[in-house]
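Engineer: My questions will all concern the structure given below.
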Amino acid sequence: MNENLFASFATPTMMGLPIVILIIMFPSILFPSPNRLINTRLISIQQWLVQLTSKQMMAIHNSKGQTWTLTLMSLILFIGSTNLLGLLPHSFTPTTQLSMNLGMAIPLWAGTVFMGFRHKTKAALAHFLPQGTPIFLIPMLVIIETISLFIQPVALAVRLTANITAGHLLMHLIGGATLALMSISPSTALITFIILILLTILEFAVAMIQAYVFTLLVSLYLHDNT
């Protein structure tokens, strides 16, 4: 019986009911709210990382853009934790689903665009037509800039989905090759197992980097519209 390569990306169910909502809510347990006068080391490290990331990401924003700090920090924690959740054995990665990533990207992108049209109407409209454009190119450039604007959330979602899915597929293929080679050539299986360990370490980095890149691009869209 041949194993479906994309079986691990299918929506998990329990008694015929999807449990994606429970899986998505699970990473929030990893970030407990402090209820003590003196924080533990884990909470102190979490708060230090959040403050460091927020200072770096929100330094370019004005007062209107900085109102999005809580939203962006919650976004990077959510994406990073769900990406890391998928690296556990027999787990499910919600961020491999394009529908979920579009569900995050489209409202955030739409919010930044609406802010731009509300607070910087002239500058937002000026993006559709660069200064000095020849008259005969105006209709074509307006169409191209409009398409590029609406493609931004799709690019956000597809980038995250493709990077996470590709890494998981590669780990699945190398893991399967390691199991198959154990009975044929143990020395070759050892080499592929070392490659699998290195790839797993790389995927830990990719999980965090993709969360940062997704949030950073939303932050840049916000900066352009505030």
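Engineer: In debye to the nearest 20, how big a dipole does the stretch 7-225 give about its Cα centre with +1 on each Lys and Arg Cβ and -1 on each Asp and Glu Cβ?
Structural biologist: About 560 debye.
Engineer: Tally up the carbon and sulfur contribution to the accessible surface of the chain as a whole percent, 1.4 Å probe, everything protein left in place.
Structural biologist: Answer for the chain is 73 percent, counting heavy atoms of protein chains only.
Engineer: Principal axes first, then extents: for the Cα atoms of the stretch 7-225, list largest minus smallest coordinate on each axis, whole Å, largest first.
Structural biologist: 70, 56, 38
Engineer: Top mean-square fluctuation among Thr121, Thr165, Thr200, Gaussian network model of the chain, C-alpha springs under 10 Å?
Structural biologist: Highest fluctuation among the options: Thr121.
Engineer: Same structure again: Considering only Ala110, Ala126, Ala155, give the residue with the highest GNM mean-square fluctuation for the chain, with springs between Cα atoms whenever their separation is below 10 Å.
Structural biologist: Looking only at Ala110, Ala126, Ala155, the largest GNM fluctuation is found for Ala126.
Engineer: If you stretched the chain out fully between Ile184 and Ala110, how much longer would it get, using 0.36 nm times the residue separation minus the C-alpha to C-alpha distance?
Structural biologist: 21.2 nm
Engineer: Once whole DSSP H runs in the chain are found, which of them have Cα atoms spread over 30 Å or more along the helix axis and a mean Kyte-Doolittle score of at least 1.0?
Structural biologist: Those that pass (Cα extent of 30 Å or more, hydropathy at least 1.0) are 138-182, 186-224.
Engineer: Hey, what's the stretch 7-225 come to in accessible area per residue, 1.4 Å probe, Å²? Show your work: numbers first, answer last.
Structural biologist: Details: 13480 Å² over 219 residues.
Per-residue value: 62 Å².
Engineer: What is the pair-distance distribution P(r) of the stretch 146-189, computed from all Cα-Cα distances in 5 Å bins starting at 0, with each bin given as a whole percent?
Structural biologist: 5, 20, 14, 12, 11, 9, 8, 7, 6, 4, 3, 1
Engineer: Please name which of Gln210, Ser54, Ala189 has its Cα lying farthest along the dipole of the stretch 7-225 towards the positive end, using unit charges on Cβ (Lys, Arg +1; Asp, Glu -1) and the Cα centre as origin.
Structural biologist: Working it through, the farthest residue towards the positive pole turns out to be Ser54.
The values are calculated or read from the model by the stated rules, or taken from the named source; none is laboratory data. No experiment lies behind these values; they were computed from the predicted model shown. Every residue, glycine as well, gets a Cβ built from its backbone with ideal geometry; the counts of neighbours run over all protein chains shown. The area values use the complete protein model at the heavy-atom level, side chains included, leaving out ligands, DNA and RNA. Shrake-Rupley method; radii C 1.70, N 1.55, O 1.52, S 1.80 Å.
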